[in-house]
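Undergrad: There's a structure below that I have some questions on.
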Amino acid sequence: MDDEFAKLIRRVNQPRVVIDNNACEDATVIQVDSVNKHGILLEVVQVLTDMNLTITKAYISSDGGWFMDVFNVVDNDGNKIRDKEVIDYIQNRIETSAGFVSSRRGTVGVMPSEEHTSIELAGTDRPGLLSEVCAVLADLRCNVVNAEIWTHNARAAAVVHVTDDSTGCAINDPKRLSTIKELLCNVLKGSNDLKTAKTMLSAPGVMHRERRLHQIMFADRDYERVERAGVREVEEGSSRPQVTLLNIEKDYTVITMRSKDRPKLLFDIVCTLTDMQYVVFHGMVNTGKIEAYQEFYIRHVDGLPISSEAERVRVIQCLEAAIERRGSEGLELELCTEDRLGLLSDITRVFRENSLCIKRALISTKGGKANDTFYVTDVTGNSVDPKIIDSVRAQIGHTALQVKRNSSLAPKPPHQETTMGHFFGNLFKARTFQNFKLIRSYS
């Protein structure tokens, strides 16, 4: 009866989205009002990040059974969203996405669909791992149509979409799928893997690729710090995210986070909190040219704040990992060329033979063209010698492989104290729906 009543409330109170270009001088303001449910914040943020919009500020409240959020967003060029078709699309997507949230937390494996076969991988990171994976797929006549690979804290995870090279469609033969899983599992295990590489068959369903990568790495416990001999230690101080937790009045746990600003930062944090079964009741986001500051008032889905030291440490570790996973470490290389079977295997082999370590990669194909982005370092995690990059480009083709930027040269966020947390704490002493209208009255 409770579930049916909740469905009735959602049908009667459809989400309301207002997009305003006049409320703020330098950003488009998107206001979302809806019946509250677990995961709705992630759904809204996911829509905005999938549209490649940058969230510069945000105000969040979900007390009293109602969800009311305000987002200031700009496009990739830092401009307001002016295109009427884009505005209508954003509005429709958010209103549509405010339905039930799927949260598949199954094992990692191979999942067939009509268009492609989705392969999910997790294992110990090592130099040349992606090259070995791509070589196996090429030998099995699997064409990689798109993929995303993350590495963090000595672990690696990937979601790879492949097709049968002969048909251009998904691979459905159970024996062939079993062979793919077995061979990839052997590659991932390596010789010194202390954890079991995961290649089990996933349950059917559709999952957002980046969210799935967070879930894979979280399940693989990449948030637990490890040290490897000969590998550069992660820099301490301002380059590391700063996460603090504080309980107030036995009602909320307040999380404050400072880190280098980057695209999709809010999505990564909200994704992790949601999958850890925490609810953001109030929050604010403020980004500058370099640093991002975020403050969330949270409880577990059972209604309680964080109550133990072990839980506090785990949440801090998981949020640090969420911020770091997508950190663009190393030299950014962009590959644009004609796609073909085995292309990715050949490219990653050249990287491996020149002692380049791939820290993160985004693979995509469209209209017979491959458009891939790689973030690379040397095998010790340091910057790559320019002479090596020249040699790699000579082998692959100077026009095909371009150097975009070196993230290791990016400026570090300054040490600055702020009174924002104190201000925001006072602002949310009143937690009711009516009081929160003060925040949104400007729009």
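Computed from the coordinates by the stated procedures, all read-outs in this text should not be read as laboratory data. Source: prediction; values computed, not measured. Glycine also receives a Cβ, built like all others from the backbone with ideal geometry; neighbour counts cover every protein chain displayed.
Undergrad: Local charge sum around L130 (other residues, Cβ-Cβ under 14 Å, Lys/Arg +1, Asp/Glu -1)?
TA: Values: positive: R126, R155, R349, R352, K359, R360; negative: D125, E132, E148, D346, E353, D372.
Result for the neighbourhood of L130: 0.
Undergrad: Taking amide H positions as placed 1.01 Å from N in the peptide plane, with prolines and chain starts having none, which residues 5 or more places from D261, or on another chain, fall under 5 Å of its amide H?
TA: Result for D261 returns E291, A292.
Undergrad: While we're here: Greater than 19 Å separation of Cα atoms is the criterion. Which listed pairs, K264/K289; K37/K264; K57/K289; K260/K387; K80/K369, meet it?
TA: Values: K264/K289 15 Å; K37/K264 22 Å; K57/K289 12 Å; K260/K387 29 Å; K80/K369 31 Å.
Checking Cα-Cα distances, K37/K264; K260/K387; K80/K369 exceed 19 Å.
Undergrad: Per residue, how big is the convex hull around the C-alpha atoms of segment 281-392? Give it to me in cubic angstrom, could you?
TA: Details: hull volume 22.2 nm³, N = 112.
Given the Cα convex hull of segment 281-392, per-residue volume reads 198 Å³.
Undergrad: OK, next. Tell me which residues come under 5 Å, amide H to amide H, from R360 once H is placed; ignore anything under 5 positions away on its chain.
TA: Those qualifying (amide H under 5 Å, at least 5 residues apart or on another chain) are Y375.
Undergrad: Additional query: Could you list which residues have their amide H under 5 Å from that of A27, counting only those 5 or more apart in sequence or on another chain, with H placed in the peptide plane?
TA: For A27, no residues qualify.
Undergrad: Could you derive backbone 3J(HN,Hα) for segment 258-273 from the dihedral phi with the Karplus parameters 6.51, -1.76 and 1.60 (θ = phi - 60°), listing whole Hz in sequence and x where the residue is Gly or Pro?
TA: 10, 7, 4, 6, 6, x, 6, 5, 5, 4, 4, 6, 5, 4, 5, 4
Undergrad: Further question: What are the ³J(HN,Hα) values, in whole Hz, obtained from phi via the Karplus relation 6.51 cos²θ - 1.76 cosθ + 1.60 with θ = phi - 60°, for each residue of segment 381-387 in sequence order, with x given for Gly and Pro?
TA: x, 9, 4, 7, 4, x, 5
Undergrad: Please list 3J(HN,Hα) in residue order for segment 287-294, calculated via the Karplus relation 6.51 cos²θ - 1.76 cosθ + 1.60 where θ = phi - 60°; whole Hz, with x for glycine and proline.
TA: With the stated coefficients, segment 287-294 comes to 10, x, 5, 10, 9, 10, 10, 9 Hz.
Undergrad: Also, I was wondering about something else. Restricting everything to alpha-carbon atoms, can you work out Rg to Rh for segment 112-165 with a Kirkwood hydrodynamic radius?
TA: 0.99
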